[in-house]
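A.B. asks: Here it is, the structure in full.
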Amino acid sequence: LHDRDGKIWMDGELVDWRDAKVHVLTHTLHYGCGAFEGVRAYKTERGTAIFRLQEHTERLFNSAKILRMKIPFSMEEVNEAQRAVIRANGLESGYIRPLTWIGSEKLGVSPKGNRVHLMVAAWAWGAYLGEEGMKRGIRVKTSSYTRHHVNITMTQAKTVSNYTNSILANMEATDDGYDEALLLDPAGFVSEGAGENLFIVKNGVVYTPDLSAGALNGITRNTVLHIAKDLGVEVVQKRITRDEVYIADEAFFTGTAAEVTPIRELDRIQIGAGQRGPITERIQSAFFDIVNGRNPKYAHWLTLV
Ligand code: PMP
């Protein structure tokens, strides 16, 4: 990913892709205090547009706030940086990665006095869990790792350090031949995937863990709440147990990278008919209509680059 042509926005300017470097004594590299976003741009009839740009930028600033970091740019500048990288790299669609980190002025746990940096990169990225998975559903394993407790590294912040837990869970699940991990919270209730929120469907009602289970407040999750309402499908946010997932009629993951990915199996137990379920399919198709600019009701969620 690092050795290629293109431009990356770094601390206020577009620099050559290969020159977008940090020092090895970067505080965040040692202690993991940093925050990032994952954003997608889609090709629409009116041109390339970033989906829910403002909400992603707000979450980035909130993540930084939770970490007591002050991003030295305005939200408008960060929005503009994301549009700029899509344009500068000539992308019709793609994934955008803003990241804020603490600089290398000094080490030691306290980052006080170190500069806060921000970069934004963008590249082409297809279906995160595979095209096949989008149609047929993926196979998921309950992780042996527990998702973060809400009073450890903060679960409403999309922090760099939270992803050690995601990496462990994802590697364990994929080493065991599954596509993705499902993590439980410290009390044993369903929290989220390594990089996705979870939804299940039972008797026509959609359920998703409430955020006290330590799941990230996903922007795709929120989009699905809107879609379900439009479709007249009831959504309940509540505590969910792993066996409720086993006996659900349908299940799916949501995320900026994962979009809406059906789940056909958890822990080798088939969910429903073992394929993408009918409500999942309707939500997935409504999602792609919205992100690709085919639903005028949500045109305000698309920012042309
Ligand atoms: N949970 C985790 C742990 C994630 O990494 C992500 C991806 N950002 C999500 C949930 C979904 O969030 P969103 O829909 O905002 O991408």
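The values are calculated or read from the model by the stated rules, or taken from the named source; none is laboratory data. Note that the structure is predicted; figures quoted are calculated from it, not measured. For neighbour counting, all protein chains shown are included, and Cβ atoms are generated from backbone atoms with ideal geometry for every residue, glycine included.
A.B. asks: Given 142, 174, 155, which one is within 11 Å of the ligand (Cβ to nearest atom) and either of a type outside the set (A, V, I, L, M) or assigned by TED's automatic domain parsing to the domain that holds residue 51 (or both)? If you could, list the steps in order and put the result at the bottom.
C.D. replies: Numbers: 142 fails: within 11 Å of the ligand (Cβ to nearest atom); 174 fails: within 11 Å of the ligand (Cβ to nearest atom).
Answer to the selection: 155.
A.B. asks: In the list 73, 51, which residue meets the criterion of being over 29 Å from residue 296 (Cα atoms) and at pLDDT 95 or above? It would help to see each step written out before you state the result.
C.D. replies: Numbers: 51 fails: over 29 Å from residue 296 (Cα atoms).
Step by step, each of 73, 51 is checked, and only 73 is over 29 Å from residue 296 (Cα atoms) and at pLDDT 95 or above.
A.B. asks: Residues that are within 20 Å of the chain's Cα centre (by Cα) and either hydrophobic (A, V, I, L, M, F, W, C) or surrounded by fewer than 16 Cβ atoms within 10 Å (Cβ to Cβ) (or both): does segment 259-271 have at least one?
C.D. replies: Within segment 259-271, the subset within 20 Å of the chain's Cα centre (by Cα) is 259-263.
If we keep only those that are either hydrophobic (A, V, I, L, M, F, W, C) or surrounded by fewer than 16 Cβ atoms within 10 Å (Cβ to Cβ) (or both) too, we end up with 260, 263.
Yes, segment 259-271 contains at least one residue that is within 20 Å of the chain's Cα centre (by Cα) and either hydrophobic (A, V, I, L, M, F, W, C) or surrounded by fewer than 16 Cβ atoms within 10 Å (Cβ to Cβ) (or both).
A.B. asks: Ok, one more. Report yes if residue 255 is within 27 Å of residue 151 (Cβ to Cβ) and at pLDDT 95 or above, otherwise no.
C.D. replies: Values: within 27 Å of residue 151 (Cβ to Cβ): yes; at pLDDT 95 or above: yes.
The answer is yes for residue 255.
A.B. asks: If you check every pair at least six apart or on different chains, which have Cβ atoms under 9 Å apart with a residue in segment 257-269 that is more than 20 Å from residue 184 (Cβ to Cβ) and of a type in the set (A, V, I, L, M, F, W, C) first and a residue that is within 11 Å of the ligand (Cβ to nearest atom) and assigned to a loop (DSSP other than H, G, I, E, B) second?
C.D. replies: 257/38; 257/128; 257/195; 257/196
A.B. asks: May I ask you to list the residues in segment 62-78 that are within 24 Å of residue 221 (Cβ to Cβ) and surrounded by fewer than 18 Cβ atoms within 10 Å (Cβ to Cβ)?
C.D. replies: 62, 65, 66, 75
A.B. asks: Residues of segment 43-83 being hydrophobic (A, V, I, L, M, F, W, C), part of a loop (DSSP other than H, G, I, E, B) and free of Cβ contacts under 8 Å to residues at least 40 places away in the same chain, which ones?
C.D. replies: Let us first name the residues in segment 43-83 that are hydrophobic (A, V, I, L, M, F, W, C), namely 49-51, 53, 60-61, 64, 66-67, 69, 71, 73, 75, 78, 81.
Applying the additional criterion that residues be part of a loop (DSSP other than H, G, I, E, B) yields 67, 69, 71, 73.
None - no residue of segment 43-83 is hydrophobic (A, V, I, L, M, F, W, C), part of a loop (DSSP other than H, G, I, E, B) and free of Cβ contacts under 8 Å to residues at least 40 places away in the same chain, so the list stays empty.
A.B. asks: Quick one: in segment 114-131, of everything that is more than 16 Å from the chain's Cα centre (by Cα) and outside any loop (DSSP other than H, G, I, E, B), which residue is surrounded by the fewest Cβ atoms within 10 Å (Cβ to Cβ)?
C.D. replies: 131
A.B. asks: Hey, could you check segment 156-176 for residues that are in contact with a Lys or Arg (Cβ under 8 Å, 6 or more places away or on another chain) and not hydrophobic (A, V, I, L, M, F, W, C) and say which is surrounded by the fewest Cβ atoms within 10 Å (Cβ to Cβ)?
C.D. replies: Among those residues, the one meeting the criterion is 176.
A.B. asks: Still on this model: Quick one: in segment 13-41, which of the residues that are of a type in the set (Val, Ile, Thr) and closer than 26 Å to residue 256 by Cα is surrounded by the most Cβ atoms within 10 Å (Cβ to Cβ)? If you could, list the steps in order and put the result at the bottom.
C.D. replies: First, pick out the residues of segment 13-41 that are of a type in the set (Val, Ile, Thr): 15, 22, 24, 26, 28, 39.
Adding the requirement that they be closer than 26 Å to residue 256 by Cα leaves 15, 28, 39.
Numbers: 15: 15, 28: 23, 39: 25.
Among them, the one singled out is 39.
A.B. asks: Being acidic (Asp, Glu) and in contact (Cβ under 8 Å) with a residue 40 or more places away in the chain is the filter; apply it to segment 177-224 and report the residue that is farthest from the ligand (Cβ to nearest atom).
C.D. replies: Filtering segment 177-224 down to residues acidic (Asp, Glu) leaves 179-180, 185, 192, 196, 210.
Now restrict to residues that are in contact (Cβ under 8 Å) with a residue 40 or more places away in the chain: 179-180, 192, 196.
Working: 179: 15, 180: 11, 192: 5, 196: 5 Å.
For segment 177-224, the residue satisfying everything is 179.
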